[in-house]
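Each value in this text was obtained by applying a stated rule to the coordinates, not by laboratory testing. The structure presented is a predicted model; accordingly, all values stated were derived computationally and were not measured. As a convention, Cβ positions derive from the backbone with ideal geometry for all residues, glycine included, and neighbour counts pool all protein chains shown.
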Amino acid sequence: MRTALREKTGAWQSRNIAARLSGLLRAGLRRQSVAGGWAAPLEGVVRDLEGLNRRTEQDFLQVGGRLAEFLSITRQVSADMAALSALFAGEGGQSASQLLSRILVRCRETEARAGAGDRALAAACEASGRIARSFRAFGETVSMFRVLASLTRIETARLGNTGAEFGNLAEEVRSLTESIQSGGRGILETSSILQERIQSAVSRVSNLRASALQELPALISAALAALRSLEERHGRAQEASLRQAAECTEISAAIEDLTTTIQFHDVTRQRVEHVAAALRRMCAEPQDGVKGGNAAPLDARTALIIQSSQLAEAEQIFAAAVDRIERDLESIARRVQGLAQASRTLLGFAEGDHGSFFLQMESRFTAILKILASCDQAENETDAVLGGLEQTVARMRAAVADVREIEIQIRRLAINAAIRAAQIGETGSALHVIAEVMQRLALASAGVTGEAAGDLAAMGDAAGWLSGGSQQDAESVLSEVRATVLELHSSSEMSFSRLNQIAALSQRLCDDIHAVRAGFSAGAAFAECVGRARAALAQVGEHARAIPDEPDAMPSAKQPFEDLAKHYTMQSERDVHESVLAGAAISRPAEAPAPATVSGDPDLGDNVELF
Amino acid sequence: MQDVYSAPPMFQWRQQYAVNVEEIDHEHQGLFAAAERMHQAMLAGLGKQVLQDLLAKLVSYTCVHFAHEEQLMERVGYPGLNEHRAQHLDLRSRLELLRKRAAAGEVTMTIEVAQFLIEWLKQHTATSDLRIAGYVTSDVKHRLSPLPEAS
């Protein structure tokens, strides 16, 4: 618009209206008296108009300054919106998807681990039961060894010197029996502890399963719902924030347009300046031979009507401009208010709303973190139990190995005893029987401890797998899930804070615009001042008197008016002038001719001067 | 997530919030500053890092500040004393609950705390407290001497 108007200024031909008018006054009114009373009201009008220009200039400068502030705030809101949009489109969505994947993987892993752990612990529990039963029966074996040791001692004593080859067989059997009894008792006790541990582990794992298989699906369901909701809202919020960023840009453009409109004030200001200058010159013209009275010369009436017309036109242009400024301010304020409200509803954010989307998300984040913490705790407790199980199984395996070593020694003794008994013939037959029984008993015992060793080896492997293996992975997954939840929360709090800021800024802008709109009284002040000025001009014009026909004066006084009329480019002024020359009755100018307006280029008169 | 955004203050004490009692205005400024620190941290996604410290400070702050306000209201015979005291009690208990939750490791509550601060500053400090200011200014300001230290 400004460019078009500048082009118009190039074609403007009546820039020197004031100069022409001044020449007219100099030539036509040279002989008029200005010292009389008619000049005083004109001087008052000049002062009034100059004051008006100063006041409106200050008003418009102030409004222009505020508009510059508004533009700055709008650009800031626009930048906020763009940042928010980037936030929605950024890592939040990806993190959400990754979080979902991790939770699902974690759930499947937990299910698999729970199934395998169940089977391993069931097998360990069964083996532990078998070991306990075997070693409870082991007492009978020990008693039998004791009996055999006693029989050996009796039989070797009966053989006397013949039995010397058996040496301290009885003592060795007794000693080994005590060792095997001690080992068996240890295994039995440890077996009991083992059973308790396994039962405890089963209980812990059951708790974990209860947490994992009951709470985790609920967790996943909640997370899925939250993330779906988050993604949907982020998608909508991104679209909305882009729309709002575009709206901000449009508001900025509207403010810039308004700032341009404000500059139209120069047009009216200059008109008023011209009128004031013309009136000032009229008042300042030196007395030039014509004795005037208190009334202005009749020809001055024309000049005053033209000035009045200029003022009327300026007033109407000014009123139209002010009206547009006020309407534009109102429109911008409405749009900014809409922006503030849209910002608040974006992502379901509502000030003071305790059920807002953000708070719901926080509540979900908290729930997810709590379940992750309980999973962590259950796993840690299970780890502790399984770690203890491994140690217990290791101790039992050592004890069983000791017993098996003793069994081997007993079998060796029994074999030696049987050989010697066979060597001494019939007298050694009883010992031979004892040795054979001892050998069979040791063999049977070895069978029991062998099975126990096999069970313990299997239990050790199971405990090792349960306490190690994928545990580290599970911890890693839990840790990653926790980090992702916290990252999502950070993203959420950033969005919340930005929206808060955008809403506050928009509201502040809206309030400021309303304040400027409410305090903008230049239109009324201008109309009032112009009304006063035109009334004063009309009054002076009404009292103008005819100048005596002086041959050397009138032609030179009338000619410039006619010249001026020919060169008028403003139709309204031309009309006024022609009507005056045609002898129309001069009256107080109640209604000015329709002025050019500033609402569109085609309506602008050629006399519009822009700076 | 890198933040290149330079944000203006969200919580900023303004002269229009002045109660015109120096100690109380100074304490209000402290409250706004603490809230703004939280807001700035949240804008960077780091609200969790300042949460516990902020809540601890706020709990400590309210002990002194609310006592000051209540002393002032008592001394000037403010007619809304009981209502205002009830508001203090409510704010204090809600703040204490938030502090306990944060101390128990609940870190994802910064938005809730921010909502709480907005409500506090807008509905209490910038509204209820100003009614005290109006009363003090219009009636008995000239009779006030500095407040004693709150226990």
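Miscellaneous remarks
- Cα-centred dipole magnitude for the stretch B:22-143, charges only on beta-carbon of K, R (+1) and D, E (-1), debye, nearest 20: 240
- Counting neighbouring Cβ atoms within 10 Å and putting the fewest first, the residues A:SER506, A:SER363 line up as A:SER363, A:SER506.
- The stretch B:22-143 - percent relative contact order, Cα under 8 Å, separation 6 or more: 34
- Two-site FRET efficiency, A:GLU171 against A:ALA430, from Cβ-Cβ distance with R₀ of 22 Å, rounded to 0.05: 0.75
- A:ALA527/B:GLN49 FRET efficiency (R0 56 Å; Cβ-Cβ; nearest 0.05): 0.40
- A simple rule links phi to the HN-Hα coupling: the Karplus curve 6.51 cos²θ - 1.76 cosθ + 1.60 with θ = phi - 60°, which for the stretch A:73-78 gives 5, 4, 5, 5, 4, 4 Hz, with x for Gly and Pro.
- Take each peptide in A:517-523, B:54-60, count the other Cβ atoms within 10 Å of every residue, and average; sorted highest first, the result is B:54-60, A:517-523.
- Per-residue average of Cβ from other chains inside 10 Å of B:36-45: 4
- Close lysine pairs were tallied over the stretch B:22-143: pairs 8 or more places apart or on different chains with Cα atoms under 21 Å apart number 4.
- In this calculation the C-beta distance from A:HIS514 to A:ALA112 is compared with R0 = 60 Å, giving a FRET efficiency of 0.40.
- Karplus-derived 3J(HN,Hα) values for the stretch A:444-461, using 6.51 cos²θ - 1.76 cosθ + 1.60 with θ = phi - 60°, are 5, 4, 4, x, 5, 5, x, 5, 4, 4, x, 4, 5, 5, 5, 5, x, 5 Hz; glycine and proline are entered as x.
- Farthest toward positive dipole pole in the stretch B:22-143 [+1 Lys/Arg, -1 Asp/Glu at C-beta], among B:LEU72, B:ALA103, B:LEU89: B:ALA103
- Taking amide H as placed 1.01 Å from N in the peptide plane, the amide H of A:ALA544 sits under 5 Å from that of A:ALA296, each at least 5 places away or on another chain.
- Principal-axis tilt of helix B:110-119 within chain B, Cα atoms, nearest 10 degrees: 20
- Here the Karplus curve 6.51 cos²θ - 1.76 cosθ + 1.60, taken at θ = phi - 60°, turns the phi angles of the stretch A:318-326 into couplings of 4, 4, 5, 5, 5, 4, 5, 4, 5 Hz, with x standing for Gly and Pro.
- A convex hull fitted to the Cα coordinates of the stretch B:22-143 yields 88 cubic angstrom per residue.
- Which of A:CYS248, A:CYS283 has the fewest Cβ neighbours within 10 Å, and the rest in rising order: A:CYS283, A:CYS248
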